[in-house]
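Let me begin by presenting the structure, written as structure tokens, before commenting on it.
The values are calculated or read from the model by the stated rules, or taken from the named source; none is laboratory data. On a predicted model such as this, the values are computed, not experimentally measured, just so you know. Glycine also receives a Cβ, built like all others from the backbone with ideal geometry; neighbour counts cover every protein chain displayed.
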Amino acid sequence: MKGGITRRLDEVVKSLDEKQLKKALSLSEVKGLEEHHQWIEEAARTCLANKDNKKVCEQAIKGARDKVHDTVSLPLDDTSLEGLEEYMTEPIDQKPQQPEQTAQPEQPTTVEPQPGKTDEELFETCEPCHVAVAASKFADICAEKPEEAGGCEVIGKSLADENTEPVDWLKAMVQTAEKAQGEAKEEMVGAITELTDYLERRNSPFLKALNEEETNA
């Protein structure tokens, strides 16, 4: 496995250890981690469907964390096939073993996510995932351009609270963008505009809730 991917996977595992699903979703949204992203997204869906049952959510996060961790720390002397597909992207000297271990059991699980259609369709329907990605962009802008970004306290508080709801993220991003200046403001406005367009296309209840709160304010 390449060093860059390994480091990113370590960050994903750390985020899952800290139950930061939004951050883990954002970190795994890169080429080469499609399957990992799907594991995390499944855990996120389970948590959203069981908001009143923290135990179920924690078990789902732990399951995704263990799957991701296994692809990073798979022992070289392990005789099982688990995580083997992660090594198939690198040249393997032991040619006789490669076809025996990957011919049937591993091939279906690694080929399916390659086209990206399934992941794209899943991501397209996951409104909280889009909100999380936009929030991650805001956090990056705050870190890279602190002076132009102005006050990022609201974003910081939202990141620190793992129970921050999508509507609260939307409010935090709007407030932060309003205070920003220069290139930071342009990037923030672009990110929130893209997110808003997506939510409007889906007639999202998140936007409705935000509009109601602004109207009642």
Restricting to the stretch 170-190, name every residue that is surrounded by 20 or more Cβ atoms within 10 Å (Cβ to Cβ), out of contact with any Pro (no Cβ under 9 Å at 6 or more places or on another chain) and part of a helix (DSSP H, G or I). LEU170, ALA172, MET173, THR176, ALA177, GLU187, MET188
Within the stretch 141-161, can one find any residue that is closer than 25 Å to GLU18 by Cα, in contact with a Ser or Thr (Cβ under 6 Å, 6 or more places away or on another chain) and touching a residue at least 60 places away in the same chain (Cβ under 8 Å)? no
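Among what's in the stretch 121-144 and is farther than 17 Å from ALA24 by Cα and either surrounded by fewer than 19 Cβ atoms within 10 Å (Cβ to Cβ) or assigned by TED's automatic domain parsing to the domain that holds GLY32 (or both), pick the residue that is modelled with the lowest pLDDT.
Here is the first cut: in the stretch 121-144, the ones farther than 17 Å from ALA24 by Cα are 121, 124-125, 141-144.
Going one step further and asking which of them are either surrounded by fewer than 19 Cβ atoms within 10 Å (Cβ to Cβ) or assigned by TED's automatic domain parsing to the domain that holds GLY32 (or both), we end up with 121, 124-125, 143-144.
On the way: GLU121: 75, GLU124: 82, THR125: 84, ALA143: 88, GLU144: 90.
Ranking the candidates gives GLU121 first.
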Could you figure out which of (1) in a helix (DSSP H, G or I); (2) exposed (fewer than 13 other Cβ atoms within 10 Å of the Cβ); (3) more than 22 Å from the chain's Cα centre (by Cα); (4) of a type outside the set (A, V, I, L, M, F, W, C) isn't true of THR193? (3)
